[in-house]
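> Below you'll find the structure I mean.
The values are calculated or read from the model by the stated rules, or taken from the named source; none is laboratory data. All figures in this text were calculated on a predicted structure; none of them were measured in a lab. Neighbour counts are summed over all protein chains in view; Cβ atoms, including those assigned to glycine, are modelled from backbone coordinates with ideal geometry. Heavy atoms of the whole protein, side chains included, go into the accessibility calculation; ligands, DNA and RNA do not. Shrake-Rupley method; radii C 1.70, N 1.55, O 1.52, S 1.80 Å.
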Amino acid sequence: MASEGRRTAYVNARLLDPASGLDRAGALLVEGKRIVDLGPGLFADGVPGGVALVDCGGACLAPGLIDLRVQLREPGEEHKETIESGCAAAAAGGVTSMVCLPNTSPPIDDVSVVEFIARRAREVGTVKVFAYGAATQGCRGEQIAEMGILAEAGAVAFTDGVRAIANAQVMRRALAYAKTFGLLIVQHAEEPALATSGVMNEGEIATRLGLAGITPAAEAILLERDMRLVALTGARYHAAHVATAEGVAVIRAAKARGLPVTADTAPPYFLLNDTAVGDYRSFARLSPPLRSEDDRKAVEAGLLDRTIDCIASDHAPQDQDAKRLPFAQAEPGAVGLETLLALALSLVHNRRAGLLDVLRLLSLRPAEIMGFPAGRLAPGAPADLVLFDPARPWRIEPERFRSKSKNSPFDRHPTQGRVLRTVVDGATVYSAGADATRG
Amino acid sequence: MLGLAATRVALYKKSPMGDPDATLRFPHRHILGIAGLARDEIAFLLDLADSYVDQNRRADKKNAVLRGRTLINLFFEDSTRTRTSFELAGKRLGADVINMSVATSAVKKGETLIDTAMTLNAMHLDVLVVRHAASGAVHLLADKVDCAVVNAGDGSHEHPTQALLDALTIRRRKGGLEGLLVAICGDILHSRVARSNMLLLQTMGARVRVVAPATLLPAAIGRYGVEVHHDMRTGLADADIVMMLRLQLERMNGSFLPSIREYFRFFGLDYAKLGVAKPDALIMHPGPINRGVEIDSELADDINRSVIREQVEMGVAVRMACLDALMRNAPSNAGG
């Protein structure tokens with residue numbers, strides 16, 4: 001535990017704050033769980049006594065990452081991930097807050113499960129874990145869940161997780177009901193009638209491999225419908241892991257009309273395309289599937305022009321038994337917590353975006369969407385920080401992941417950008433080289 | 001008989017190590033698909049198969065090319081025809097052949113595909129012939145075992161020995177494949193036979209058309225370089241070969257097609273539709289036939305047009321050629 005009032009000075013840092021646009025060498029002072037001061041001139045005359053000192057060695061100090069889409073698999077599938085292993089993975093990835101999906105077993109459609117997750121996260125005591133509540137009972141898409149009570153218990157937004165809320169009437173009522181309480185609905189936007197029979201992007205590779213395809217229209221069709229329901233109800237809506245050019249276009253048009261809509265995507269969707277499936281690589285089986293190169297470019301463009309608000313890891317741990325199967329029988333999903341920062345920074349290294357733009361996608365915007373006070377470097381803000389070297393090269397080696405699952409489509413990819421230290425509420429929960437212990 | 005055995009021995013002796021050229025003619029460890037096979041490699045397999053057609057027509061059909069070798073037919077999907085064909089091929093080459101039908105046994109007990117492969121691998125096989133309902137399953141398995149693997153059909157992906165036996169049948173009847181016009185008709189979407197044939201026939205210089213309703217065509221069919229037709233009248237015009245595909249009856253429940261009678265009316269092969277093809281056009285079918293669904297029953301039996309039974313005969317010879325070719329590349333501790 002961070003002791004009350006304990007003060008730590010982070011000196012010799014490159015301060016990066018996407019909220020204010022700050023990008024300058026300087027220092028930052030943490031007292032207890034909060035940032036109390038920062039700036040280029042801070043500690044110009046030296047650090048006073050009684051203040052713990054962290055020399056950042058010129059590395060980047062930024063708000064910790066906020067990940068809006070994580071599956072922690074606990075309760076129910078602890079052989080794939082637990083809240084403890086997921087928190088360790090998040091800390092190593094520079095993630096200081098994450099929101100976990102309700103597709104656990106039992107699902108998060110009951111107050112007891114929200115409280116269970118909160119208690120387990122408290123016991124682990126590192127990264128902040130928030131929970132989505134199920135939008136419908138059992139995530140079955142039939143009856144809306146107890147959103148009001150779940151929100152009181154701590155659920156931060158509502159979704160059916162990896163399943164689309166497919167029935168238009170159910171979706172309309174979920175949105176209208178959420179609007180009553182000012183709650184956010186998050187949609188996995190794929191029309192299931194078109195998507196469930198397929199296992200990868202419909203196109204030449206699926207045709208040649210003899211795999212059933214999913215038309216990219218499956219995303220745009222559901223998004224288009226949802227935009228009409230958003231207009232009808234006025235509810236806040238967030239489209240998760242947008243992966244197609246048409247999908248990006250729908251979000252862009254909705255924003256232009258002033259609808260209360262936001263969206264995220266995940267690194268595979270702006271870094272890979274369906275050629276990654278190669279000879280039936282089940283690690284490249286994702287939901288939604290990896291799309292074409294044109295789609296990948298459009299998703300990247302959507303991030304750059306702010307149509308897509310943020311980047312989430314879409315962390316979906318799967319064990320060997322779920323992946324070492326013929327492609328169509330393998331479970332979809334990829335782990336992503338420990339590679340989120342480096343893969344997002346490829347936008348910087350490829351000269352597509354500035355460092356502050358990427359940090360805005362990783363911390364500021366997700367915080368704003370969820371209404372979290374974090375995501376900024378400012379006096380009074382939570383001392384949730386990531387210290388990283390944006391240029392340091394490394395190779396993604398899943399066997400070194402802290403996550404229990406190793407299913408990364410970026411296995412062996414060279415990348416750049418290393419987390420050096422992760423701080424949550426003023427306490428260090430990860431530091432490179434030494435395994436993290438709090439405080 | 002002795003003469004042929006001697007020929008075989010001679011052919012065999014010069015191949016594995018002695019004559020690098022002979023080995024290079026088929027430099028593959030597995031046969032997983034037609035994709036990846038070069039034109040001369042396909043021709044090599046067809047030439048070899050031709051010699052086995054003669055052997056299979058004699059009273060003594062056996063040689064010793066695979067003596068001491070163990071072949072397992074691992075079928076995760078029922079198929080009497082293909083399994084029997086591989087079994088005969090193995091036995092006629094002198095191998096010990098074991099059939100395993102796992103559609104109902106081990107998989108139900110929770111054993112995974114990879115577990116099954118590893119178990120069999122520990123038994124020192126030489127060749128594993130695999131059929132599986134999932135596309136890519138045979139590739140997955142081939143990565144895990146030390147022996148040669150032959151794909152006997154994986155999902156909707158490939159069925160290379162079927163395409164080879166079709167090519168052999170055509171080549172023997174027409175003298176070659178170059179320049180022929182082949183119409184492949186029916187359920188292209190789900191057909192591994194169609195995918196392997198499109199690749200093989202085009203590699204060998206034939207022109208390929210596919211004829212099917214749009215619900216039974218894969219999205220990117222255009223990328224195969226084939227002509228796409230939705231009408232048998234244009235699709236079959238001037239065709240040298242009409243290749244019908246088996247239609248799985250479960251596609252008929254209104255999901256891909258409205259009914260059998262509607263399908264037969266527009267896409268079933270009968271004498272009237274065949275009228276636009278060349279007068280000497282051959283009719284082929286991978287079997288088993290759904291009489292009255294994709295092909296008129298009488299036409300299927302017309303010995304002047306249909307080579308369906310000949311395809312079955314060629315199947316054994318082609319599979320013998322595949323096994324022979326693979327074993328030439330396999331490690332041998334007999335010093336040969």
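> Could you please find all residues in the range A:72-98 being of a type outside the set (S, T, Y), in a helix (DSSP H, G or I) and out of contact with any helix residue (DSSP H, G or I) (no Cβ under 6 Å at 6 or more places or on another chain)?
Matches in the range A:72-98: A:G86, A:A88, A:A91.
> While we're here: For B:R328, indicate whether it is open to solvent by 50 Å² or more (accessible area, probe 1.4 Å) and either in a loop (DSSP other than H, G, I, E, B) or over 18 Å from B:P213 (Cα atoms) (or both).
For B:R328, the condition - open to solvent by 50 Å² or more (accessible area, probe 1.4 Å) and either in a loop (DSSP other than H, G, I, E, B) or over 18 Å from B:P213 (Cα atoms) (or both) - is not met.
> Filter the range A:200-228 for residues that are more than 9 Å from chain B (Cβ to nearest Cβ) and outside any helix (DSSP H, G or I); which is farthest from A:Y269 (Cα to Cα)?
Restricting to residues being more than 9 Å from chain B (Cβ to nearest Cβ) and outside any helix (DSSP H, G or I), the top hit is A:I214.
> Take the residues in the range A:320-338 that are touching a Ser or Thr at 6+ places or on another chain (Cβ under 6 Å) and closer than 17 Å to B:L140 by Cβ, then tell me which one is most open to solvent (accessible area, probe 1.4 Å).
A:P332
> Another question, then. Give me a count of the residues in the range A:152-186 that are charged (D, E, K, R) and either surrounded by 20 or more Cβ atoms within 10 Å (Cβ to Cβ) or in contact with a Gly (Cβ under 7 Å, 6 or more places away or on another chain) (or both).
Residues meeting the conditions: 3.
> Sticking with this one: Which ones in the range B:209-235 are closer than 20 Å to B:A277 by Cβ and either more than 14 Å from every other protein chain (Cβ to nearest Cβ) or in a helix (DSSP H, G or I) (or both)?
The answer is B:R209, B:V211, B:P213, B:E227, B:H229, B:H230, B:D231, B:M232, B:R233, B:T234, B:G235.
> Look at the range B:127-155 and say how many of its residues are closer than 19 Å to B:M327 by Cβ, away from chain A (no Cβ under 11 Å) and under 15 Å from the mean Cα position of the chain (by Cα).
Of the residues in that region, 6 qualify.
> Can you report the number of residues in the range B:67-79 which are assigned to a loop (DSSP other than H, G, I, E, B), modelled with pLDDT under 95 and either open to solvent by less than 50 Å² (accessible area, probe 1.4 Å) or in contact with a His (Cβ under 7 Å, 6 or more places away or on another chain) (or both)?
Looking only at that region, the number is 3.
> Also: Taking B:T161 as meeting all but one of (1) open to solvent by less than 10 Å² (accessible area, probe 1.4 Å); (2) under 19 Å from B:L37 (Cβ atoms); (3) in contact with a Lys or Arg (Cβ under 9 Å, 6 or more places away or on another chain); (4) within 12 Å of chain A (Cβ to nearest Cβ), write down the number of the exception.
With (1) open to solvent by less than 10 Å² (accessible area, probe 1.4 Å); (2) under 19 Å from B:L37 (Cβ atoms); (3) in contact with a Lys or Arg (Cβ under 9 Å, 6 or more places away or on another chain); (4) within 12 Å of chain A (Cβ to nearest Cβ) applied to B:T161, the lone miss is (4).
> Further, regarding this structure: Can you tell me which condition A:A231 does not meet? The list is (1) over 22 Å from A:L303 (Cβ atoms); (2) away from every other protein chain (no Cβ under 14 Å); (3) in contact with a strand residue (DSSP E or B) (Cβ under 9 Å, 6 or more places away or on another chain), and all the others hold.
Only one criterion is unmet by A:A231, namely (3).
> Suppose we keep only residues that are farther than 28 Å from A:E78 by Cβ and in a loop (DSSP other than H, G, I, E, B) within the range A:414-438. Which one would you say is modelled with the highest pLDDT?
In this case the residue turns out to be A:G426.
> May I pose another question? Could you tell me which numbered condition A:E142 fails, if it satisfies all but one of (1) surrounded by 18 or more Cβ atoms within 10 Å (Cβ to Cβ); (2) over 24 Å from A:D264 (Cα atoms)?
Every condition holds for A:E142 apart from (1).
> Kindly list the number of the only condition in (1) of a type outside the set (F, W, Y); (2) assigned to a loop (DSSP other than H, G, I, E, B); (3) modelled with pLDDT of 95 or more; (4) surrounded by fewer than 22 Cβ atoms within 10 Å (Cβ to Cβ) that fails for A:G375.
Single failed check for A:G375: (4).
> Name the residues in the range A:273-287 that are within 9 Å of chain B (Cβ to nearest Cβ) and either closer than 19 Å to A:T196 by Cβ or under 22 Å from the mean Cα position of the chain (by Cα) (or both), would you?
Within the range A:273-287, just A:S282 meets the criteria.
> Please go through the range A:247-294 and give me each residue that is open to solvent by less than 30 Å² (accessible area, probe 1.4 Å) and among the hydroxyl-bearing types (S, T, Y), ordered by number.
Those that are open to solvent by less than 30 Å² (accessible area, probe 1.4 Å) and among the hydroxyl-bearing types (S, T, Y): A:T262, A:T265, A:Y269, A:Y280, A:S282.
> Moving on to the next point. Hey, among B:G287, B:G254, B:G292, B:G335, which residue is modelled with pLDDT under 95, on the phi > 0 side of the Ramachandran plot and open to solvent by less than 30 Å² (accessible area, probe 1.4 Å)?
Sole residue among the options that is modelled with pLDDT under 95, on the phi > 0 side of the Ramachandran plot and open to solvent by less than 30 Å² (accessible area, probe 1.4 Å): B:G287.
> Would you pick out the residues in the range A:1-46 that are β-branched (V, I, T) and either within 27 Å of A:V124 (Cβ to Cβ) or surrounded by fewer than 17 Cβ atoms within 10 Å (Cβ to Cβ) (or both)?
A:T8, A:V30, A:I35, A:V36, listed by residue number.
> Follow-up. Being closer than 23 Å to A:H188 by Cβ, in a helix (DSSP H, G or I) and within 14 Å of chain B (Cβ to nearest Cβ) is true for just one of A:A367, A:A322, A:A344. Which residue is that?
A:A322
> While we're looking at this one, here's another question. Run down A:D357, A:D309 and say which single residue is touching a strand residue (DSSP E or B) at 6+ places or on another chain (Cβ under 6 Å) and charged (D, E, K, R).
Selected residue: A:D309, the only one of A:D357, A:D309 that is touching a strand residue (DSSP E or B) at 6+ places or on another chain (Cβ under 6 Å) and charged (D, E, K, R).
> Could you tell me whether the range B:236-247 includes any residue that is on the phi < 0 side of the Ramachandran plot, surrounded by fewer than 20 Cβ atoms within 10 Å (Cβ to Cβ) and assigned to a helix (DSSP H, G or I)?
No, the range B:236-247 contains no residue that is on the phi < 0 side of the Ramachandran plot, surrounded by fewer than 20 Cβ atoms within 10 Å (Cβ to Cβ) and assigned to a helix (DSSP H, G or I).
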